[in-house]
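Structure first, then comments.
The values are calculated or read from the model by the stated rules, or taken from the named source; none is laboratory data. Everything numeric in this text was worked out from a predicted model, so none of it was measured. We place every Cβ from the backbone using ideal geometry, glycine too, and count neighbours over all the protein chains shown. Side chains are part of the model used for accessible areas, which takes the heavy atoms of the whole protein and leaves out ligands, DNA and RNA. Shrake-Rupley method; radii C 1.70, N 1.55, O 1.52, S 1.80 Å.
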Amino acid sequence: IEDLDGSFNLKAWQNGGKPPSAEIIAQLQKENVTDWLMCNYDSHGGNFVLKNDGTLFGLDKEQAFRYITNPKAQTMSYTFHPNAYYGETEPVYNTLYRKFAKGEIDINLNDTLAYLKRVEAIPDAEYREIFRGYAEELHGKGNKAEQLLDMITARKNNARAAFETFYSELLTERNRKKTAFK
């Protein structure tokens, strides 16, 4: 990736630095959809770069689906951080949503909707095929690969509900009263 903004540093923000702009926050939310779908929890601030034109890129998706069978990975939370074991900084989304829930930053929670709709529009059979090579490389052809593809597809089909539930929890914490997000 060429033409990078060398001043961009999400890890610095995670450690108390200046918050990202609303445009970057919106892009982080879209990237969060990707990482949620891929069950990727290695999305700390060092795994993002910004081009000078303002385009954000999420990098390092090597832990895709690593935690897909972990019960704690089945619901969205700003506290789940499995890579703490390795001494890694928490996912940037944990920082983002915790700061929102505490009223430290503002977020337009609807910024994820268009991206979720695009993902929902992908037919399940086509979505499975996107990940078939990955599943079969891990498990060979057969039952285990098909079970993984079932979990991957179920995660896609439940994504909107997962975000709605999580966003309702965030709003409830922020507003200090039960608040439903739709």
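What are the residues in region 97-109 that are more than 15 Å from the chain's Cα centre (by Cα) and either surrounded by fewer than 20 Cβ atoms within 10 Å (Cβ to Cβ) or among the small types (Gly, Ala, Ser) (or both), if any?
Lys99, Ala101, Lys102, Gly103, Glu104, Ile105, Asp106, Asn108
Give region 1-23 a look and list any residue that's under 28 Å from Phe131 (Cα atoms) and part of a helix (DSSP H, G or I), or say none.
So the first thing to find is which residues in region 1-23 are under 28 Å from Phe131 (Cα atoms), and the list is 1.
The answer is none; no residue qualifies.
Within region 3-58, take every residue that is under 30 Å from Thr69 (Cα atoms) and hydroxyl-bearing (Ser, Thr, Tyr) and give me the one that is least open to solvent (accessible area, probe 1.4 Å).
Filtering first and then ranking leaves Ser43.
Scan region 16-43 for residues that are free of Cβ contacts under 8 Å to residues at least 24 places away in the same chain and not basic (Lys, Arg) and jot them down. Before the answer, list the steps.
So the first thing to find is which residues in region 16-43 are free of Cβ contacts under 8 Å to residues at least 24 places away in the same chain, and the list is 16-18, 20-21.
The answer is Gly16, Gly17, Pro20, Ser21.
Assuming Ala125 fulfils every condition listed in (1) buried (at least 16 other Cβ atoms within 10 Å of the Cβ); (2) of a type in the set (A, V, I, L, M, F, W, C); (3) more than 19 Å from the chain's Cα centre (by Cα) apart from one, which condition is it?
The single condition Ala125 does not satisfy is (1).
With respect to the numbered conditions (1) open to solvent by 50 Å² or more (accessible area, probe 1.4 Å); (2) within 16 Å of the chain's Cα centre (by Cα), which one is the sole condition not fulfilled by Phe163?
Of the numbered conditions (1) open to solvent by 50 Å² or more (accessible area, probe 1.4 Å); (2) within 16 Å of the chain's Cα centre (by Cα), the odd one out for Phe163 is (1).
Could you tell me which residue of region 102-115 is nearest to Leu149 (Cα to Cα), considering only residues that are assigned to a loop (DSSP other than H, G, I, E, B) and of a type in the set (A, V, I, L, M)? Write out each step before concluding.
Taking region 102-115 and keeping what is assigned to a loop (DSSP other than H, G, I, E, B), we get 102-108.
Next, from what is left, pick out any that are of a type in the set (A, V, I, L, M): 105, 107.
Values: Ile105: 37, Ile107: 33 Å.
Among residues in region 102-115 that are assigned to a loop (DSSP other than H, G, I, E, B) and of a type in the set (A, V, I, L, M), the one nearest to Leu149 (Cα to Cα) is Ile107.
Yes or no: region 83-96 includes at least one residue that is closer than 27 Å to Gly45 by Cβ, open to solvent by less than 30 Å² (accessible area, probe 1.4 Å), part of a helix (DSSP H, G or I) and modelled with pLDDT under 95.
Yes, region 83-96 contains at least one residue that is closer than 27 Å to Gly45 by Cβ, open to solvent by less than 30 Å² (accessible area, probe 1.4 Å), part of a helix (DSSP H, G or I) and modelled with pLDDT under 95.
Among the residues of region 55-69, is any in a helix (DSSP H, G or I), under 19 Å from Lys30 (Cα atoms) and in contact with a Ser or Thr (Cβ under 7 Å, 6 or more places away or on another chain)? Lay out the reasoning, then the answer.
Taking region 55-69 and keeping what is in a helix (DSSP H, G or I), we get none.
Checked region 55-69: no residue is in a helix (DSSP H, G or I), under 19 Å from Lys30 (Cα atoms) and in contact with a Ser or Thr (Cβ under 7 Å, 6 or more places away or on another chain).
For a quick check of your reading of the model, give me the residue pairs whose first member lies in region 158-178 and is farther than 20 Å from Asp124 by Cβ and touching a residue at least 60 places away in the same chain (Cβ under 8 Å), whose second is among the polar types (S, T, N, Q) and surrounded by fewer than 17 Cβ atoms within 10 Å (Cβ to Cβ), with beta-carbon atoms closer than 8 Å and at least 6 apart or on different chains.
Every condition considered, the pairs that remain are Thr165/Thr75; Phe166/Thr75; Phe166/Ser77; Leu171/Thr179.
Just checking, how many residues over region 128-150 are open to solvent by less than 70 Å² (accessible area, probe 1.4 Å) and within 20 Å of the chain's Cα centre (by Cα)? Can you show your working first?
Within region 128-150, the subset open to solvent by less than 70 Å² (accessible area, probe 1.4 Å) is 128, 131-133, 135-136, 140, 142, 145-146, 148-149.
Adding the requirement that they be within 20 Å of the chain's Cα centre (by Cα) leaves 128, 131, 148-149.
The total comes to 4.
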